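We did not get these values from a lab; they are worked out from the coordinates using the rules stated. Note that the structure is predicted; figures quoted are calculated from it, not measured. Here the Cβ positions follow ideal geometry from the backbone for every residue, glycine too, while neighbour counts run over all protein chains shown.
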Amino acid sequence: MFGRAPKKSDNSKYYEILGVPKTVSADDLKKAYKKAAIKNHPDKGGDPEKFKEIAHAYEVLSDPEKREIYDQYGEDALKEGMGGGGGGSGMHDPFGLFSELFGGSGFGGGSSRGRRQRRGEDVVHPLKVSLEDLYLGTSKKLSLSRSIICPKCNGKGSKSGASSKCLGCQGRGLKVTVRQIGPGMIQQMQQACNDCKGTGETISDKDRCSQCKGEKVVQEKKVLEVHVEKGMQNGQKITFPGEADEAPETVTGDIVFVLQQKEHPKFKRKGEDLFFEHNLSLTEALCGFQFIITHLDGRQLLVKSSPGEVVKPDSFKAINDEGMPMYQRPFMKGKLYIHFNVEFPESLLVDQVGALAKVLPAKAGSQYTDMELDECEETTLHNVNIEEEMRRKAQQRQQEAYEEEEDDDGPAGGPQRVQCAQQ
């Protein structure tokens, strides 16, 4: 965070509010705050505004980093560098002292009692499955490694179960550093404390747990059995609540498996339906066909046309109840769609043309008279790849447009500038 260093202003106000000298120790500061807070608390008939000032003054002076900024730059630096927070603007109590002073047991800002536990991160794993797995359902056993609370020290990290508040960060787990980076400019950064690795506490080397070495967690291998149900979709999640990495004072996150369907060589899936591509020869399309489809469960399906039926190119036919099973309703299934592609012969012999002409409908050209045909100009057809042809023409048009722009820009390659002469 960057900010302009304010002019040095009064840095004695907060000490005067609490009635302590600038050299006050942390313990004496806490005692002074306790005395002033009890005396001025609104529930005891005190002035609410005065009580707010006392709370804010203690919030700043009890934090080593904030106190350093206040002592060096004054109250204005806290407002600029730390997002505001002038004296007496709110009833902020980051240390939980109000409840401890008025009805709580004990006193001290380091207690974690009543603190809301943070939630650990979820661990997400992709799980590749085949289309057969999603059609039939399956179970997969997966071995994973995760962190668990050390069973020997119950997550304390020490043999005795005791720990000390980190002196480097005063138990906050974070450090705020301020440095001057230029005339009138300061840089403020917040980062995890290196001394305690962000935990806010330290453990002596002699007292460290022999199993976790003071880390509070150890590694465990666990086998999870993932049940893939019939009809599940690509991208669907299977969640194991509370099976992610454990950490002290943390609600354990979940392990989440995300299904990733592998491509199938024959079938394509769209929701509850399956699609199957099949090529027919021209003879099969005109005179009838039959073929066998091996389904995802190994069954053999006989597919055949009706007598006299003609199958047109790029047409679809459906078989009911042979698609994918519906998720959590596996006895209901979608449709199996067959997409027919008709393969035409490259050429025909003259005898074949004559034979076909006798059985097929009359040719369109037979409706013209000889006189009408004599008046026409005969053309020649050429084979062409239409996609390649259109791509080539588009590139040609783009090149021509670019050359026109260059001509408009003039010989220097840039726009002509007209200068106005003053008279």
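For the range 333-390, which trypsin sites (Lys or Arg not before Pro) are in a loop by DSSP, counting at most 10 other Cβ atoms within 10 Å?
In loop regions of the range 333-390 (DSSP not H, G, I, E or B), the sparsely surrounded trypsin sites (Lys or Arg not before Pro) are K363.
To check my understanding: the extent here is largest minus smallest coordinate of the Cα atoms along each principal axis. What are those three numbers for the range 267-343, in Å, largest first?
43, 21, 17
For the pair L136 and Q367, what calculated FRET efficiency results from E = 1/(1 + (r/R0)^6), where r is the Cβ-Cβ distance and R0 = 60 Å, to the nearest 0.05?
0.55
What FRET efficiency do you get for K31 and Q211 if R0 is 51 Å and r is their Cβ-Cβ distance, rounded to the nearest 0.05?
In this case the efficiency is close to 0.80.
How would you rank M390, M326, M371, going from fewest to most other Cβ atoms within 10 Å of each one's own Cβ?
Least to most surrounded, the residues fall as M371, M390, M326.
Bins of 10 Å, beginning at zero and ending with the bin holding the largest distance: percent of Cα pairs per bin for the range 158-286, please.
P(r) for the range 158-286, in whole percents per bin: 9, 20, 18, 16, 14, 11, 6, 4, 3.
Calculate, in nm to one decimal, what K22 and S164 gain on full extension: separation in residues at 0.36 nm each, minus their alpha carbon distance.
48.5 nm
Taking the Cα centre of the range 34-73 as origin, sum charge times position over the Cβ atoms of Lys and Arg (+1) and Asp and Glu (-1), and report the length of that vector in debye to the nearest 20.
Magnitude of the dipole: close to 300 debye.
At a Förster distance of 22 Å, what's the computed FRET efficiency of M326 paired with R299, Cβ-Cβ distance as r, to 0.05?
0.75
Order these by the 10 Å Cβ neighbour count, fewest first: I148, I386.
Ordered by Cβ neighbours within 10 Å, fewest first: I386, I148.
Give me the one-decimal nm value for the distance between modelled label points at A357 and T283, 7 Å along each residue's Cα-to-Cβ direction.
Taking the two extended label points, one gets 2.2 nm.
Provide, in order from the shortest bin, the percent of all Cα-Cα pairs of the range 303-368 in each 10 Å bin, continuing until the bin that contains the maximum pair distance.
Bins of 10 Å from zero give 15, 28, 26, 15, 10, 6, 0 percent of pairs.
Taking the alpha-carbon centroid of each part, what is the distance from the range 303-377 to the range 22-72 in angstrom?
Cα centres, the range 303-377 to the range 22-72: 89 Å.
Could you pull out the trypsin sites (Lys or Arg not before Pro) across the range 233-299 that fall in loop regions by DSSP (anything but H, G, I, E, B) with no more than 13 other Cβ atoms inside 10 Å?
Taking the range 233-299 and a limit of 13 other Cβ atoms within 10 Å, the loop trypsin sites (Lys or Arg not before Pro) found are K262, R299.
Could you tell me the largest-minus-smallest coordinate of the C-alpha atoms of the range 280-407 on each of the three principal axes, in descending order and whole angstroms?
So the extents along the principal axes, rounded to whole Å, are 67, 57, 23.
How much length would be gained if the chain were fully extended between R391 and S306, taking 0.36 nm per residue of separation minus their Cα-Cα distance, in nm to one decimal?
26.4 nm
When the C-alpha atoms of the range 248-289 are aligned to their principal axes, what extent does each axis show, in angstrom, from largest down?
Projected onto its principal axes, the Cα set of the range 248-289 covers 75, 17, 9 Å.
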